[in-house]
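In what follows, a single structure is set out as structure tokens and then discussed.
The values are calculated or read from the model by the stated rules, or taken from the named source; none is laboratory data. Treat the numbers as computed from the prediction; the structure is a model and nothing was measured. Note that each Cβ is placed from the backbone with ideal geometry, even for glycine, and that neighbours are counted across all protein chains shown. The area values use the complete protein model at the heavy-atom level, side chains included, leaving out ligands, DNA and RNA. Shrake-Rupley method; radii C 1.70, N 1.55, O 1.52, S 1.80 Å.
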Amino acid sequence: GLEAQVTALDAATGKTVRTYAGTKNTECILVDNGTVYAVTNPAPTKLEPFIPDRTGTWNDTKRLGKVRGWDEKPRTIRAFDAKSGAERWRYVGKITPMSMSLGPQKAYFHNGGRIVALDRATGKKLWESEPVSRRKYISRAFGPNLIVYKDTILFTGGDRKLRGVDAITGKILWT
């Protein structure tokens with residue numbers, strides 16, 4: 001569950017192989033090339049129980065989107081060795097929900113105002129882009145799109161604008 005640690009399972013048996021320390025309340029998990037990346041919330045939002053209004057799914061979606069959005073508080077990215085479970089590094093800062101993506105040497109995410117690049121080996125911040133716009137309110141039913149393709153990042157923050165960003169320098173290429 002959301003409040004449990006991230007757990008690696010044996011695919012054949014379903015048995016626990018290992019858990020990753022400090023990953024309670026993980027909101028995003030990426031696994032690539034022997035590394036597990038977990039975006040954790042140190043102070044998870046406690047939500048009131050959901051009671052549907054029974055008039056339709058879209059009414060519930062609209063209502064929840066207005067009351068259960070991103071709180072814009074800091075999150076922690078933790079990188080772990082997938083086999084040993086040892087933590088390699090951590091980064092603390094604002095991380096827009098569902099915005100983390102991986103390139104060959106860098107991890108990228110949106111921090112609510114800019115795209116940020118971290119070195120995948122060390123977690124060191126390499127650059128921040130110029131400001132990129134996004135929708136004002138980010139509900140739990142929405143996340144910005146950040147896609148890495150070769151040396152370009154494609155980003156849209158839900159404001160009907162698509163941007164190309166240089167994945168090496170962070171410079172905005174086009175809007």
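Before moving on, here are some points about what is shown:
- Looking across the range 130-139, the residues that are more than 21 Å from Trp174 (Cα to Cα) and open to solvent by less than 80 Å² (accessible area, probe 1.4 Å) come down to Ile138, Ser139.
- A count restricted to the range 160-171 and to residues that are in contact (Cβ under 8 Å) with a residue 12 or more places away in the chain and open to solvent by 40 Å² or more (accessible area, probe 1.4 Å) stands at 5.
- Restricted to the range 20-129, the set of strands (runs of 3 or more DSSP E) holding at least 3 residues that are open to solvent by 90 Å² or more (accessible area, probe 1.4 Å) and modelled with pLDDT of 90 or more comprises 87-93.
- Residues in the range 140-151 that are at pLDDT 95 or above, in a strand (DSSP E or B) and surrounded by fewer than 16 Cβ atoms within 10 Å (Cβ to Cβ): Ile147, Tyr149.
- The single condition among (1) within 14 Å of the chain's Cα centre (by Cα); (2) part of a loop (DSSP other than H, G, I, E, B); (3) aromatic (Phe, Trp, Tyr) that Tyr137 does not satisfy is (1).
Table: residues versus (1) more than 19 Å from Arg75 (Cβ to Cβ); (2) under 12 Å from the mean Cα position of the chain (by Cα); (3) of a type in the set (S, T, N, Q).
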| site | (1), (2), (3) |
| --- | --- |
| Ser101 | no, yes, yes |
| Gly112 | no, yes, no |
| Ala121 | yes, no, no |
| Lys124 | no, no, no |
| Pro131 | yes, no, no |
| Gly157 | no, no, no |
| Lys171 | yes, no, no |
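- Matching residues, the range 1-19, being of a type in the set (Lys, Arg) and not in a strand (DSSP E or B): Lys15
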